[in-house]
Amino acid sequence: MRLALAEAGRAVRGGDVPVGAVVLAADGTTVLASGHNEREATGDPTAHAEVLAIRRAAADLGEWRLSGCTLVVTLEPCTMCAGALVQSRVDRVVYGARDEKAGAAGSLWDVVRDRRLNHRPEVIGDVLPDDCARLLTDFFRNSPRTSSGDSHRPDR
């Protein structure tokens with residue numbers, strides 16, 4: 001999670017909400033890829049930390065199936081990212097802060113463990129939740145976007 005937190009800090013430098021993610025190989029220690037939110041930096045609405053890390057890990061492995069891999073992310077995945085996790089066949093999702101407004105790994109929805117889907121990764125939540133939440137709180141407290149009305153989605 002500390003690596004994901006460091007990655008989240010990079011998002012702030014680009015003007016994005018501080019969410020960071022890393023994909024670990026099946027050995028649980030080798031980092032295959034990392035990512036941080038880049039929506040503002042790239043103008044890409046799908047440039048969430050998880051999606052970017054998944055794309056990069058798949059490119060590193062040379063295939064779309066991330067079987068055996070673990071995604072570690074500072075904020076509970078949204079529905080888009082949860083869908084990407086299921087589709088990429090990630091075995092495990094570890095997240096820091098819960099997202100009561102848009103979380104899709106147990107808070108608001110539980111997309112990743114929906115029994116109707118063909119793949120259900122293990123979910124481990126609340127890992128360093130205070131550190132992860134503090135990044136988000138500080139960002140929105142100090143962001144000019146909160147006063148302009150653009151903070152309707154503080155999850156991303």
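The values are calculated or read from the model by the stated rules, or taken from the named source; none is laboratory data. Just so it is clear, the structure is predicted and the values come from calculations on it, not from any experiment. In this analysis, Cβ positions are derived from the backbone assuming ideal geometry, glycine residues included, and neighbour counts consider all displayed protein chains. Each accessible area value is taken on the protein alone, full model and side chains, heavy atoms only, with ligands, DNA and RNA left out. Shrake-Rupley method; radii C 1.70, N 1.55, O 1.52, S 1.80 Å.
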Suppose we filter Arg98, Arg39, Arg56, Arg89 for residues that are within 20 Å of His119 (Cα to Cα) and among the basic types (Lys, Arg); which single one remains?
Arg89
So which residues in region 74-88 are of a type in the set (S, T, N, Q) and more than 9 Å from the chain's Cα centre (by Cα)?
Thr79, Gln87, Ser88
Please go through region 38-48 and give me each residue that is surrounded by 15 or more Cβ atoms within 10 Å (Cβ to Cβ) and free of Cβ contacts under 8 Å to residues at least 60 places away in the same chain, ordered by number.
Glu38, Ala41, Ala47
If only one of Leu75, Leu117, Leu108, Leu61 is free of Cβ contacts under 8 Å to residues at least 60 places away in the same chain, in contact with a Leu (Cβ under 8 Å, 6 or more places away or on another chain) and aliphatic (A, V, I, L, M), which one is it?
Leu61
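For every residue, the table says whether it meets (1) more than 15 Å from the chain's Cα centre (by Cα); (2) on the phi > 0 side of the Ramachandran plot.
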residue	(1), (2)
Gly68	yes, yes
Val72	no, no
Val90	no, no
Ala97	no, no
Asn118	yes, no
Pro121	no, no
Cys132	no, no
For Glu63, indicate whether it is acidic (Asp, Glu) and not in a loop (DSSP other than H, G, I, E, B).
no
Of the residues Gly9, Gly35, Gly68, only one is closer than 24 Å to Ser143 by Cα, out of contact with any Pro (no Cβ under 6 Å at 6 or more places or on another chain), surrounded by fewer than 17 Cβ atoms within 10 Å (Cβ to Cβ) and at pLDDT 95 or above; which?
Gly9
Only one of (1) of a type in the set (Gly, Ala, Ser); (2) open to solvent by less than 10 Å² (accessible area, probe 1.4 Å); (3) assigned to a helix (DSSP H, G or I); (4) closer than 27 Å to Asp130 by Cβ does not apply to Ala57, and that is (4)
Please determine, by comparing only the residues of region 18-32 that are touching a His at 6+ places or on another chain (Cβ under 9 Å) and either part of a loop (DSSP other than H, G, I, E, B) or polar (S, T, N, Q) (or both), which one is surrounded by the fewest Cβ atoms within 10 Å (Cβ to Cβ).
Pro18
Members of region 86-103 that are touching a Pro at 6+ places or on another chain (Cβ under 6 Å) and either over 24 Å from Gly9 (Cβ atoms) or surrounded by 23 or more Cβ atoms within 10 Å (Cβ to Cβ) (or both):
Val90, Asp91, Val93, Gly96, Ala97
What are the residues in region 42-54 that are within 12 Å of the chain's Cα centre (by Cα) and part of a loop (DSSP other than H, G, I, E, B), if any?
Thr46, Ala47, His48
